[in-house]
Amino acid sequence: MPTKSLEELEAMVGDSRVTVEDFRIEAGKVEEFARAITADDPVFRDESVAVNRGYERVPAPLTYSQVGRFPRYTPEDVDGKGFDLGFQPEYVLHGEQAHEYERPVAVGDVLEGTTTLTNVFQREGGRAGTMTFAVLETEYRDQNDDLVLTDRSTAIETSGAVDDNGDDGSDVGGDDDSSGEDVASSTEDVAEANGGTVTADRDVPSSTAGEFERVRTIDGLAVGDAGPTVVVEDLERQHFVKYAGASGDFNPIHYDEPYATAAGNESIFGQGMFTAGVTSRVVTTWFDVADVTSFGVRFQSRVFPGDTIVATGEVAEIDRDEGTAEAELEATTTTGETLLTGTASVDLE
């Protein structure tokens, strides 16, 4: 449980503060981050490729705003995400992450992030015990004070390490209509190591990302169309370490085995945003980064060393008059466990 009472946390809702400052988007860091999420698209590292695709500057991957959490971008009077929630880091889960884009983040930008605590609530989660949810929204503006993107993150503190073998099936969903409540209904799965009981490995599907033709017009889409398949095989600890170094997520639970097991986990496990970054490759292989207006995910299971991530997408909705479309996304392991689900929206010609 948090060291602050629910009443204390609720009193903080609506508070805002600058949590990211002088966040300089640097070419080398963009390339490092892209490689950490296994993205080999040269648009993230080669200015000539970016220009040929119509960009003035090298764009950053869709989840690059995570890099803004590095200490060098954090004001001196700010700790962590800017709010002392009293959460114990070894028992904090990332429940949901969403981004809305005004334009791509690009090399040369200097961003400032202002974070607002928009909601706090608690739920009984069965295997996860009493769970405390905090929803944080950060607006990033550039050096001209223009809004570039908004991200929303749901952090969840459980009562302790989740009992992966539990079978009580308690409903953790709520009926509040505040932002962030939807994630509560699937949170038992969020923390479930490898989804609990697993089946034998399925055949690893072939990645189609390298041969997929990018879609640039609404006429090139139909509901039910499948996007590229992105496959990252046989994950190793170094994948999580590399992502930590690129993103600034240095929680030792992702790379320090004694720390992870002392907290009650079976082993280290990957960052949720690593899996989200891999899944974002489906979107940026399918569409131009400049055409993406939103990308969001809900985490359901953790990824462990030895797992293989298979990320896919399918067109769910099209508005031909507006030139917009929405795709549903999913990342699974080859044992069939769902790691996350999500959506992406695009605005095409």
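Only four residue types carry charge here, +1 at the Cβ of Lys and Arg and -1 at the Cβ of Asp and Glu. Report the dipole size of the chain about the Cα centre in Debye, rounded to the nearest 20.
Working: 25 positive and 72 negative charges, 213 e Å.
Approximately 1020 debye in magnitude.
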Query raised in the report: Taking amide H positions as placed 1.01 Å from N in the peptide plane, with prolines and chain starts having none, which residues 5 or more places from L348, or on another chain, fall under 5 Å of its amide H?
Result: T324, A325
Query - Only Lys, Arg (+1) and Asp, Glu (-1) charged, at Cβ; the stretch 25-84 dipole about Cα centre in debye - result: 140
Query raised in the report: If you place +1 on the Cβ of every Lys and Arg, -1 on the Cβ of every Asp and Glu, and leave all else neutral, what size is the dipole of the stretch 1-150 about its Cα centre, to the nearest 20 Debye?
Result: 460
Report task. Compare the peptides 63-71, 25-33, 40-48 by average per-residue count of other Cβ atoms within 10 angstrom and give them in order, highest first. Result -> 63-71, 25-33, 40-48
**Report entry** Expected 222 nm ellipticity per residue - DSSP helices of 4 or more, -39500 (n - 2.57), all of the chain, to 500
**Finding:** -4500 deg cm²/dmol
Requested in this report: Let me know the Rg and Dmax you get for the chain when you use only its Cα atoms, in Å.
Outcome: 19.5, 56
Report task. Can you find, among G227, W286, Y55, the residue farthest towards the positive end of the dipole of the chain? Put +1 on the C-beta of Lys and Arg, -1 on that of Asp and Glu. Result -> Y55
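Each value in this text was obtained by applying a stated rule to the coordinates, not by laboratory testing. All of these numbers come straight from a predicted model, not from anything done at the bench. Glycine gets a Cβ as well: all are built from the backbone with ideal geometry, and neighbour counts include every protein chain shown.
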